[in-house]
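I have placed the structure first, in the form of structure tokens, so that the comments after it can refer back to it.
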Amino acid sequence: MSICTGSFALAAAGVLSGRRATTHWRHAARLARAHPDVEVLPDALFVRDGDIFTSAGVSAGIDLALALVEQDHGPDLARTVARGLVMFMQRPGGQSQFSAPLRMPRPSTPTLREVTDLVSAQPALDHSASAMASRAGVSARHLARLFASELDTTPAKYVEQVRLDHAKSLLGAGHGVAETARASGFGSSETMRRVFVARLGISPSQYRARFETTVS
């Protein structure tokens, strides 16, 4: 098991060859370049591949440790340990290391800043490229250029990430899947399920159940 950049030591020793792993997001690209035989998952809190565990930053190492306690001794003891550490909850390994607003710098262009602020505040609105461009008073092509130059992403990908973060928060708070899909802007449970599986490797219901095993 490694915490944060300890994954570099495991990779150098050949332990991670042909395996999935993670590390602190600041160093994920360097790990992938230095060890192309390792499948680096830069957005995971921690990753298990067989009997090998890697985690992101130091706080994610605590999440991983709690997951191991739960694996060996059950969720009740994991909750007890979490309470002793004054931790609100144990986060599942598939949870993002950071949400979209934290992942990217705040836009310097006022137009783009207004657009992203509205997406974050009201993810269930119509945030199609044309709708966002119309509200901003620019063309969809110009808006796409702003997203690319300032945030290195597309409008659609940004909106999807914000909605995913919002959905994870609602599910973690105990809201139902259908309710969460509507409130976060996915529209349907199936659409949200496809995004969860593609981005996190688990379904919304599995994500919700994972939180419920560690929060009381």
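When only residues in segment 172-196 that are under 19 Å from Asp43 (Cα atoms) and in contact with a helix residue (DSSP H, G or I) (Cβ under 9 Å, 6 or more places away or on another chain) count, which is modelled with the lowest pLDDT?
Gly172
Here's a check for you: in segment 153-203, which residue that is among the acidic types (Asp, Glu) and within 30 Å of His142 (Cα to Cα) is nearest to the chain's Cα centre (by Cα)?
Asp165
Search segment 19-34 for residues that are within 10 Å of Leu45 (Cα to Cα) and basic (Lys, Arg) and pair each with any residue that is part of a loop (DSSP other than H, G, I, E, B) and open to solvent by 10 Å² or more (accessible area, probe 1.4 Å) when their beta-carbon atoms are under 8 Å apart and the residues are at least 6 apart or on different chains.
From residues that are within 10 Å of Leu45 (Cα to Cα) and basic (Lys, Arg), there are no pairs.
Do you know which of the residues in segment 198-216 that are open to solvent by less than 50 Å² (accessible area, probe 1.4 Å) and outside any loop (DSSP other than H, G, I, E, B) is modelled with the highest pLDDT?
Pro204
Take the residues in segment 20-60 that are among the small types (Gly, Ala, Ser) and open to solvent by 50 Å² or more (accessible area, probe 1.4 Å); name whichever of them is farthest from Lys168 (Cα to Cα).
Ranking the qualifying residues of segment 20-60, first place goes to Ala34.
Kindly provide the set of residues from segment 101-154 that are of a type in the set (Asp, Glu) and open to solvent by less than 70 Å² (accessible area, probe 1.4 Å), ordered by number.
Of everything in segment 101-154, those that are of a type in the set (Asp, Glu) and open to solvent by less than 70 Å² (accessible area, probe 1.4 Å) turn out to be Asp117, Glu150.
Out of (1) assigned to a helix (DSSP H, G or I); (2) out of contact with any helix residue (DSSP H, G or I) (no Cβ under 6 Å at 6 or more places or on another chain); (3) farther than 23 Å from Leu164 by Cβ; (4) open to solvent by 30 Å² or more (accessible area, probe 1.4 Å), what's the single condition that is false for Ser17?
So Ser17 meets the others, but not (1).
Where residues in segment 35-59 are free of Cβ contacts under 8 Å to residues at least 24 places away in the same chain and not hydroxyl-bearing (Ser, Thr, Tyr), which of them is nearest to Ala198 (Cα to Cα)?
The residue in question is Leu41.
The values are calculated or read from the model by the stated rules, or taken from the named source; none is laboratory data. Quick caveat, the model's predicted, so the values are computed rather than measured. In this analysis, Cβ positions are derived from the backbone assuming ideal geometry, glycine residues included, and neighbour counts consider all displayed protein chains. Remember, those area values only see protein heavy atoms, side chains included, never the ligands or the DNA or RNA. Shrake-Rupley method; radii C 1.70, N 1.55, O 1.52, S 1.80 Å.
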